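Here the structure is laid out as structure tokens; the discussion comes afterwards.
The values are calculated or read from the model by the stated rules, or taken from the named source; none is laboratory data. Not measured: the values here are computed from a predicted model. So basically every Cβ, Gly included, is an ideal-geometry build from the backbone, and we count neighbours across all protein chains shown. Keep in mind that these areas ignore ligands, DNA and RNA; they rest on the heavy atoms of the full protein, side chains included. Shrake-Rupley method; radii C 1.70, N 1.55, O 1.52, S 1.80 Å.
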Amino acid sequence: MITQPTVLMYHGIIAADAVIPAERETGAELYDVTTENFRAQLAHLKAHDYRTITIHKNLDVFSSQEIFLTFDDGEMNNCTMALPLLREFGFVGHFFLIAKRIGKEGYMGWEEIRRLTVAGMIVGSHGFSHEILTNLQDTQIQEELTASKRYLERNLGISVEILSIP
């Protein structure tokens with residue numbers, strides 16, 4: 001048994017005709033993969049008996065075959081490209097959403113996010129406005145995190161207990 005999980009983190013799963021969100025930060029593309037590459041990665045993981053786990057697992061012990069798949073920012077391609085492939089391979093992902101961008105061009109709306117939860121995916125916060133927390137005062141950090149949690153919970157009707165720090 002190992003004591004640290006393996007985490008594979010993505011931003012976009014990009015098709016050839018992908019529309020990149022206008023509000024996307026410089027550097028986010030470093031965490032993109034093409035749809036074909038993502039499929040190949042999932043196929044490799046499946047062929048080598050890896051399995052995805054969720055934050056709900058006993059986090060004290062991890063197997064070397066257990067991994068987390070995470071997606072930051074909430075881009076529309078996470079629903080249109082990643083979700084079908086995750087379902088095809090029987091994997092679960094954690095989707096961390098920037099609350100302020102929900103429904104904006106290139107980002108998932110409430111319908112797509114609900115589709116994730118119905119499919120058994122885990123939804124978490126990536127902050128309200130994606131502010132870098134080390135640039136904020138303590139009270140601003142508190143507001144950035146609690147506002148996102150409240151907004152997601154109120155609109156999705158679920159408890160949001162996880163965060164990926166922007």
inquiry  = So THR26 ticks every box in (1) open to solvent by less than 80 Å² (accessible area, probe 1.4 Å); (2) under 23 Å from GLY124 (Cα atoms); (3) of a type in the set (Ser, Thr, Tyr); (4) over 14 Å from the mean Cα position of the chain (by Cα) but one. Which box is left unticked?
reply    = (1)
Matching residues, the range 97-117, being in a strand (DSSP E or B) and touching a Lys or Arg at 6+ places or on another chain (Cβ under 8 Å) = TYR107
Selected residue (only one of ALA16, ALA40 is farther than 14 Å from LEU83 by Cα, modelled with pLDDT of 95 or more and open to solvent by 40 Å² or more (accessible area, probe 1.4 Å)) = ALA40
message = Consider the range 1-58. How many of its residues are in a loop (DSSP other than H, G, I, E, B) and basic (Lys, Arg)?
response = 2
note = When every residue in the range 59-75 that is of a type in the set (S, T, N, Q) and assigned to a loop (DSSP other than H, G, I, E, B) is compared, the one farthest from ALA15 (Cα to Cα) is SER63
inquiry  = Here are the criteria: (1) open to solvent by 10 Å² or more (accessible area, probe 1.4 Å); (2) of a type outside the set (Ser, Thr, Tyr); (3) at positive phi. Tell me which single one ASP32 does not satisfy.
reply    = (3)
query = Across the range 123-140, which residue is nearest to GLU75 (Cα to Cα) among those that are open to solvent by less than 40 Å² (accessible area, probe 1.4 Å) and more than 18 Å from the chain's Cα centre (by Cα)?
reply = LEU133
key: Selected residue [surrounded by 15 or more Cβ atoms within 10 Å (Cβ to Cβ) and among the acidic types (Asp, Glu)] from GLU161, GLU111, GLU105, GLU144   = GLU144
request  = Please find, among GLY120, GLY127, the residue that is assigned to a loop (DSSP other than H, G, I, E, B), touching a residue at least 24 places away in the same chain (Cβ under 8 Å) and under 13 Å from VAL160 (Cα atoms).
outcome  = GLY127
query = In this structure, is GLU143 in contact with a strand residue (DSSP E or B) (Cβ under 8 Å, 6 or more places away or on another chain), on the phi < 0 side of the Ramachandran plot, of a type in the set (Asp, Glu) and touching a residue at least 12 places away in the same chain (Cβ under 8 Å)?
reply = no
inquiry  = So ASN78 ticks every box in (1) in contact (Cβ under 8 Å) with a residue 60 or more places away in the chain; (2) closer than 23 Å to GLY127 by Cα; (3) not in a helix (DSSP H, G or I) but one. Which box is left unticked?
reply    = (3)
Selected residue (criterion: modelled with the highest pLDDT) from residues of the range 53-87 that are among the polar types (S, T, N, Q) and open to solvent by 30 Å² or more (accessible area, probe 1.4 Å) = THR80
